[in-house]
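What follows is a short report on a single structure.
Bear in mind that the values in this text are calculations on the coordinates, not laboratory data. No experiment lies behind these values; they were computed from the predicted model shown. Virtual Cβ from ideal backbone geometry, glycine too; neighbours counted across all protein chains shown.
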């Protein structure tokens, strides 16, 4: 779910095109837009407080094999939530799980990890290496 | 104050809106600005609108900025109005800022803190010279990269806390108040104050924070740490029954370290002011932390005579949407009020024979 | 978690229609309204009770579900986004197969009478059975209504509730795809 929540619709669609078609499904709820209240902690570790909300889209489907899939995804993109819910349902089917994991989830997870690593590398390049005057003299 | 219903003006209003729309689009010979351009190239404006609009959604903030011709308070107002149309699905777990994906992290109290000083994409060391190459549309070279260490970057407050040198923050488990559901009541607890400040006006927080440094409620803060980065958001929907990760938000956190003499029951230790805000917004987070600390004066047994220490004053005036509404309402017809004042003045003048 | 059933066909318009029906029912005590006709409800719930729950309950309210409706708990959890509370005395909504002890529920405070519980009671029938006479706001003259399934001592128990006004419990009676409401402001005789 975490991987699908961070993926772009076009990315998922392209990867899903290469696997066996997902079973048909009926929508039990949504896709619908809403909010989630985010919270912080006073001082970073103390009592909770309400920080502000963010937009979220959710969807729940039941597929033809009887599996129920959920999606809660940041943002307001309904087709993305619907596709993520359909994938969540299909991923619960042992017959489909490994294939989808390999063809869809793993490539997305790798791309997301690479994007995070790129940020970490840029941050590392801006790390200050202190040198003191005494070091310069020696 | 009485208002009188005035009819008429519909055609004038429609025409005014049409002119506004035309003016907003500007010269048709110049290509229209796209929302992606705003989110990508005016990120700090987007961040401010999200923070003061109190909704994290970069696309919506970009639309609001475009619609308001870049008037950021008007844009925040649009976002606040939009959020009232959406149901609330869940309340997230508190963000874990200790484990954010760090983009920037500096401390003014420890030079060699674990994880180091990470400058990130900052304006701090620019020379504030207008860059005419930017006007010419030059493409910048890619940013440098270096091997990222695996080591954690603990929060400075947690480092100080391990030695007991700073007041301990503990969660008493109390459900925090929510200004979007219950009206502001006094005395306002710190959770409600922090919520109000997080959506408060950046200019107000900056000015009031500045006033505490200038001697109005003297406190002597250090920036214990300022960090900017991405935090993941987790919710536990009742129908799923376990926590799920639904995305990332960029946050700026500022932890100030202030002196505190101690008391009969508390040994001398540092106290803190805390700021946390959507997006990359250091000025806002620091202003918030300064006034958060100032508003704790009474709780910490300090004199509380300065404006920034007056909780009621601060919370009643920090919200720029409310302030805009009340200030700008003066433009509404007050014809009857004014007529009555006019008559009073004429009568008084007549009575004194002037 | 198994979620077998869909909710409202059109979540917005169906919820609005049901809300309107409840509003009218509260404004005109004893009047009977049709709701939830097309709703596929959990087996133990009548369509009207299910529709009222969908329309009024969400993650920011609380609901106590009587064990007799245990099969509806997951459905409510999913569609309303709320985990049912095990403690009826703090619930904003109580879903019950017969009239609970109203004294055990939240009746609000004089400062916040709106904090009281709304009880959704599934009765055998509306418009037939015992005859009750009502008086109160929303009724120009005393008016009767009929229901099957309220306890024999209902009038006495209601009098205790009515006495608390402005505090007190509001009732929504549901049978099949019909509902009627008895707000706390009513005095009721007969039975």
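Semi-axes of the equivalent ellipsoid of the range B:1-86: what are they in whole Å, largest first, if each equals the square root of 5 times a C-alpha gyration tensor eigenvalue? The partial results should precede the final answer.
Working: eigenvalues 145, 84, 17 Å².
Calculated on Cα positions only, the semi-axes equal 27, 20, 9 Å.
Here the ratio of the Cα radius of gyration of the range B:194-328 to 2.2 N^0.38 Å is 1.20.
For chain C, modelled as a Gaussian network with Cα springs under 10 Å, which listed residue fluctuates most, C:57, C:131, C:22? Maximum among the listed residues: C:131.
Could you work out, residue by residue across B:266-276, how many beta carbons of other chains sit within 10 Å of that residue's beta carbon, and then give the average as an integer?
On the way: counts 0, 0, 0, 0, 0, 1, 4, 1, 8, 1, 10.
Whole-number average of other-chain Cβ neighbours for B:266-276 is 2.
Restricted to Cα atoms, the range B:56-156 shows a radius of gyration and a Dmax of 19.4, 48 angstrom. Partner shielding of A:112-125 amounts to 6, given as the average count of beta-carbon atoms from other chains within 10 Å of each residue beta-carbon.
The GNM of chain B, with springs linking C-alpha atoms under 10 angstrom apart, assigns the highest mean-square fluctuation among B:206, B:179, B:35 to B:179.
Can you sort B:280, B:317 from fewest to most other Cβ atoms within 10 Å of each residue's own Cβ? Present the calculation step by step, with values, prior to reporting the outcome.
Numbers: B:280 22, B:317 16.
By the 10 Å Cβ count, ascending, the order reads B:317, B:280.
Overall shape: oblate for the range B:118-199, with the ratio a/c of the largest to smallest alpha carbon gyration tensor axis at 1.5 or above and b/c at least equal to a/b. Taking other Cβ atoms within 10 Å as a rough exposure proxy, B:107, B:31 sort from fewest to most as B:31, B:107.
Could you work out the relative contact order of chain C? I mean the mean sequence separation of Cα pairs under 8 Å and 6+ apart, divided by the number of residues, in percent.
Details: 429 pairs, mean separation 44.7, N = 191.
Computed over chain C, the figure is 23 percent.
Would you list B:334, B:220 from fewest to most Cβ contacts within 10 Å? Fewest-to-most Cβ neighbours within 10 Å comes out as B:220, B:334.
Shape annotation for the range C:99-147: C-alpha extents along the principal axes are 35, 28, 13 Å, from largest to smallest. Peptide packing for B:295-304, B:248-257, B:169-178, B:264-273 was compared via the average number of neighbouring C-beta atoms within 10 Å per residue; ordered from the highest value, the list is B:248-257, B:295-304, B:264-273, B:169-178. Peptide packing for C:137-149, A:88-100, B:43-55 was compared via the average number of neighbouring C-beta atoms within 10 Å per residue; ordered from the highest value, the list is B:43-55, A:88-100, C:137-149. Each principal axis of chain A carries a Cα extent, and these read 75, 38, 24 Å when sorted largest first. Our summary of shape: the Cα atoms of chain B have principal axis extents of 77, 62, 54 Å, ordered from largest down, in whole angstrom.
Summarising the label geometry, the points placed 7 Å from Cα in the beta-carbon direction at residue A:20 and residue B:352 lie 9.6 nm from one another.
Which of B:117, B:259, B:162 moves the most in a Gaussian network model of chain B with Cα springs under 10 Å? Sorting by GNM fluctuation, first place goes to B:162.
With distances taken between every two different alpha-carbon atoms, the protein assembly as shown has a Kirkwood hydrodynamic radius of 29.2 Å. For the Cα trace of the range C:44-161, dividing Rg by the Kirkwood Rh returns an Rg/Rh value of 0.98.
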